[in-house]
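The values are calculated or read from the model by the stated rules, or taken from the named source; none is laboratory data. This structure is a prediction, so every number in the text was calculated from the model and none was measured. With ideal geometry, Cβ positions are generated from the backbone for all residues, glycine too; neighbour counts draw on all protein chains shown.
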C-alpha cells in the first residue's frame, strides 16, 4: 500500500499542480493538461446537463481563488498589520459573492 501511495505522490509532484496552485499561476494551470482536460470535461458535462448555476458557481470560486493571489491582496497586510482601506472592499466583495453563491444554491 505504501508503494502505491509513493507512486501517487510522485505522479502528483511530477504534474507540478501543487506548486502552480500555491503560486496562483493561472497561466501555467491553463497550459497544464492535467487540469484542463478534466476541467473541460466537467464544463462540457455541465453544459450538456444545462446546469448554468453550477457553471456560475465554479467560475465564481475560480475568480475568488485567482483574486486571493493577486497583487491587490498582497497589499492588504503590511508589516503584520492589516490595511483597513484595502481590506474593507475585499470583505464586502467576499460577502456579496457568498450571498450570490447561496442564492444560486437555493434557487
Next item on the list: Would you mention how many residues in the stretch 48-67 are more than 15 Å from the chain's Cα centre (by Cα) and surrounded by 12 or more Cβ atoms within 10 Å (Cβ to Cβ)?
Entry: 2
Note to self: So, restricting to helices (runs of 4 or more DSSP H) that lie completely within the stretch 1-67, which ones have at least 3 residues that are closer than 30 Å to residue 86 by Cβ and either at pLDDT below 85 or in contact with a helix residue (DSSP H, G or I) (Cβ under 6 Å, 6 or more places away or on another chain) (or both)?
What the structure shows: 17-22, 26-31
Item checked: Lone unmet requirement of (1) assigned by TED's automatic domain parsing to the domain that holds residue 91; (2) in contact (Cβ under 8 Å) with a residue 24 or more places away in the chain for residue 26 -> (1)
Next item on the list: Taking only the stretch 68-87 into account, find how many residues are in a helix (DSSP H, G or I), surrounded by 12 or more Cβ atoms within 10 Å (Cβ to Cβ) and free of Cβ contacts under 8 Å to residues at least 12 places away in the same chain.
Entry: 1
Check: Would the stretch 99-107 turn up any residue that is surrounded by fewer than 10 Cβ atoms within 10 Å (Cβ to Cβ) and either touching a residue at least 40 places away in the same chain (Cβ under 8 Å) or in the same structural domain as residue 36 (by TED's automatic domain parsing) (or both)?
Finding: yes
